[in-house]
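Report on one structure; see the data block that follows.
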Amino acid sequence: MVRWSFGLSQAAVLPLIVFGWLVGVPQGVAEEIRFQILQMNDVYEISTLAGGTEAGLARVATIRKDLLVENENTLTVMAGDFFSPSALGTAKVGGDRLAGQQMVGVLNAMGLDLATFGNHEFDITEAQFRDRLAESRFQWLSGNVRDVAGERWNNVPDYVIRTIEGETGETIRVGFVGTTIPSNPASYVSYLDPIEKMKADVAAIKDETDVIVALTHLALAEDQYLAENIPEIDIILGGHEHENIQQWRGKDFTPIFKADANARTVYIHRLSYDTDTDELIINSHIKPVTEAIALDPDTAKVVDYWEQRAFEGFRASGFDPGAIIANSTVALDGLESSVRNGQTGLTNLIADAVFSVGENVDLSIFNSGSIRIDDVLPPGIITQYDVIRVLPFGGDIVTVEMSGALLERVLNQGLANRGSGGFLQTAGVSQDPDTQNWLIGDRPLDISQTYRVATVEFLISGKETGLDFLNTDNPELTLVSEQGDIRFALIDQLTKLN
Ligand SMILES: [Zn+2]
């Protein structure tokens with residue numbers, strides 16, 4: 001199959017649309033069959049972000065409806081990662097956490113067509129996962145993810161083939177294959193090799209399809225490998241990186257596209273297949289999802305419904321999600337790329353909150369991975385729900401005593417974890433600018449001294465990256481007291497801003 005592929009900016013694509021679309025097809029010539037794909041990936045929030053100015057699935061629903069007016073052959077796809085993690089998903093409703101139920105509800109309402117698994121689909125329990133599959137009114141596909149017995153999940157085929165009909169009744173067959181990175185696997189999941197299985201799936205459908213779309217949730221290097229090694233794949237729609245990517249790889253320059261996480265952007269792919277020459281033309285552009293796009297009222301209603309259900313759950317857990325707790329004069333940066341690499345105003349507020357509720361402590365430490373908002377809170381009103389978004393998993397603050405030697409090991413590992421959720425945030429701790437030695441308060445860390453540390457229960461469980469030795473069985477660590485949920489401490493700390 002000969003294929004031309006153009007991945008261009010929004011501005012640059014216009015002349016091609018004129019050339020490729022608006023020029024009529026002379027009679028007697030085979031038909032150009034046009035179809036469109038609206039792509040999302042890595043969406044954790046149903047609501048708008050950045051104070052309502054960005055993202056929001058009700059806005060994506062409007063984009064979808066507009067595309068359907070333009071061409072009824074429009075498919076909306078999701079390249080994985082949306083059951084978890086999210087703040088709303090942690091709300092307990094009717095005894096169980098929502099755990100992605102809100103996301104499936106909204107995607108059903110907006111009319112998602114196809115989805116493949118991301119690694120975060122398996123953060124929830126097996127029972128929750130099977131419930132989410134059963135609730136999905138869109139079509140799942142996965143070539144390589146199986147249950148622990150190696151069986152396919154209910155109604156999740158390895159691939160999907162859709163027939164697309166052109167204006168004169170000619171048809172083409174478009175095959176969708178799906179594959180997922182085997183990272184943070186759950187005990188109830190097994191994986192076939194994502195690359196080898198995709199080769200097998202493409203081989204299985206290539207003779208009965210005209211176009212093959214790979215819906216992937218892989219690291220970019222693996223998507224590049226697919227492009228370079230499976231030439232039958234025409235376009236790769238991926239996820240996992242959380243930042244927009246467009247690349248062309250392989251000898252026929254197969255395009256790879258990933259949108260920004262949380263539907264801050266979506267990709268729109270317009271494809272045109274010439275049934276005479278078998279040429280496929282792909283025009284792709286990234287579309288920022290901003291307040292310039294109206295909320296689709298039907299989808300917005302479903303978003304509101306799930307927000308309200310989650311808020312009822314938060315109220316039952318002692319929160320008042322709508323309550324205003326502060327009016328911040330500065331933006332509070334909770335982006336993962338920021339908090340996993342350094343301090344921000346937000347990380348300092350949380351570290352101070354942990355410090356202030358600790359019992360006569362010298363310092364505080366918490367893991368940056370407990371911050372899940374991946375968003376910037378703009379200056380202005382902060383509600384209790386914003387705090388839940390920042391720290392959706394909560395967890396108790398604890399006061400411990402530890403040896404200076406252990407403390408030094410912990411702080412060094414926190415630095416070594418830079419870039420991941422195990423990067424540690426602190427209050428009462430700094431480094432001497434000349435020697436890089438640790439300072440506790442204004443004095444050098446003394447390995448023969450005992451320190452009192454306020455931290456979070458997760459960090460003394462031994463489960464953090466490289467910190468397996470930090471647990472209550474360690475004789476150099478003593479649990480002194482417990483201080484309750486970190487979110488209430490942050491609410492108190494924010495109240496002090498007023
Ligand atoms: Zn992922």
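The values are calculated or read from the model by the stated rules, or taken from the named source; none is laboratory data. All values reported here derive from a predicted model rather than from experimental measurement. So basically every Cβ, Gly included, is an ideal-geometry build from the backbone, and we count neighbours across all protein chains shown.
List of remarks:
- Condition check for Pro231: assigned to a loop (DSSP other than H, G, I, E, B) and modelled with pLDDT of 95 or more: yes
- Out of Leu407, Leu497, Leu459, sole residue that is assigned to a loop (DSSP other than H, G, I, E, B) and aliphatic (A, V, I, L, M): Leu497
- Candidates Asp193, Asp147, Asp158, Asp131, filtered to the one that is under 27 Å from Ile46 (Cα atoms) and not hydrophobic (A, V, I, L, M, F, W, C): Asp131
The rows are residues; the columns are (1) among the aromatic types (Phe, Trp, Tyr); (2) assigned to a strand (DSSP E or B); (3) more than 16 Å from the ligand (Cβ to nearest atom).
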| residue | (1), (2), (3) |
| --- | --- |
| Asp66 | no, no, yes |
| Val77 | no, yes, no |
| Asp81 | no, no, no |
| Ser84 | no, no, no |
| Gly89 | no, no, no |
| Met103 | no, no, no |
| Val106 | no, no, yes |
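- Any hit, the range 255-276, residues being assigned by TED's automatic domain parsing to the domain that holds Ala227, surrounded by fewer than 17 Cβ atoms within 10 Å (Cβ to Cβ), closer than 29 Å to Gln101 by Cβ and among the polar types (S, T, N, Q): no
- Selection count where residues are surrounded by fewer than 24 Cβ atoms within 10 Å (Cβ to Cβ) and either closer than 22 Å to Leu332 by Cβ or within 16 Å of the ligand (Cβ to nearest atom) (or both), scope the range 32-60: 8
- Complete set of residues in the range 185-203 that are hydrophobic (A, V, I, L, M, F, W, C) and in contact with a Gly (Cβ under 9 Å, 6 or more places away or on another chain): Leu192, Met198, Ala200, Val202
- Matching entry among Asn327, Asn341 (being at pLDDT below 95 and more than 27 Å from Lys92 (Cα to Cα)): Asn327
- Failed condition for Gly380, given (1) modelled with pLDDT of 95 or more; (2) more than 22 Å from Asp123 (Cα to Cα); (3) not acidic (Asp, Glu): (1)
- The one condition from (1) over 27 Å from the mean Cα position of the chain (by Cα); (2) in contact (Cβ under 8 Å) with a residue 60 or more places away in the chain; (3) surrounded by fewer than 21 Cβ atoms within 10 Å (Cβ to Cβ) that Ala200 does not meet is (2).
- Every residue from the range 219-243 that is within 13 Å of the chain's Cα centre (by Cα) and either surrounded by 17 or more Cβ atoms within 10 Å (Cβ to Cβ) or hydrophobic (A, V, I, L, M, F, W, C) (or both): Gly238, Gly239, His240, Glu241, His242
- All positions within the range 149-181 that are more than 16 Å from the ligand (Cβ to nearest atom), assigned to a loop (DSSP other than H, G, I, E, B) and of a type in the set (Val, Ile, Thr): Val156, Thr168
- Annotation note: of Arg389, Arg418, Arg409, the sole residue that is under 21 Å from Ile325 (Cα atoms), basic (Lys, Arg) and touching a residue at least 40 places away in the same chain (Cβ under 8 Å) is Arg389.
- Output for the range 327-364, where each listed residue is touching an Asp or Glu at 6+ places or on another chain (Cβ under 8 Å), closer than 19 Å to Arg389 by Cα and either assigned by TED's automatic domain parsing to the domain that holds Asn262 or not hydrophobic (A, V, I, L, M, F, W, C) (or both): Gly334, Glu336, Thr344, Gly345
- Close pairs from the range 105-126: first on the phi > 0 side of the Ramachandran plot, partner away from the ligand (no atom under 11 Å from the Cβ), Cβ under 9 Å, at least 6 apart: Gly111/Ala61; Gly111/Arg64; Gly111/Lys65; Gly111/Leu68; Gly111/Thr76; Gly111/Arg137; Gly111/Phe138; Gly111/Thr299
- Residue check for Gln425: crowded, with 20+ Cβ neighbours inside 10 Å and either in a strand (DSSP E or B) or under 27 Å from the mean Cα position of the chain (by Cα) (or both): yes
- Total residues in the range 212-260 satisfying the condition of being within 21 Å of Arg162 (Cα to Cα), in contact with a Phe, Trp or Tyr (Cβ under 6 Å, 6 or more places away or on another chain) and more than 16 Å from the ligand (Cβ to nearest atom): the figure is 2.
- Among the residues of the range 182-211, those identified as assigned to a helix (DSSP H, G or I), away from the ligand (no atom under 16 Å from the Cβ) and not charged (D, E, K, R) are Ile195, Met198, Ala200, Val202, Ala203, Ala204, Ile205.
- Per this entry, Ala99 is counted among residues that are in a loop (DSSP other than H, G, I, E, B), more than 16 Å from the ligand (Cβ to nearest atom) and surrounded by 22 or more Cβ atoms within 10 Å (Cβ to Cβ).
- The single condition from (1) touching a Ser or Thr at 6+ places or on another chain (Cβ under 6 Å); (2) touching a residue at least 40 places away in the same chain (Cβ under 8 Å); (3) within 16 Å of the ligand (Cβ to nearest atom) that Arg146 fails is (3).
- Residues of the range 380-402 that are aliphatic (A, V, I, L, M) and either within 26 Å of the chain's Cα centre (by Cα) or more than 24 Å from Gly89 (Cβ to Cβ) (or both): Ile381, Ile382, Val387, Ile388, Val390, Leu391, Val398, Val400, Met402.
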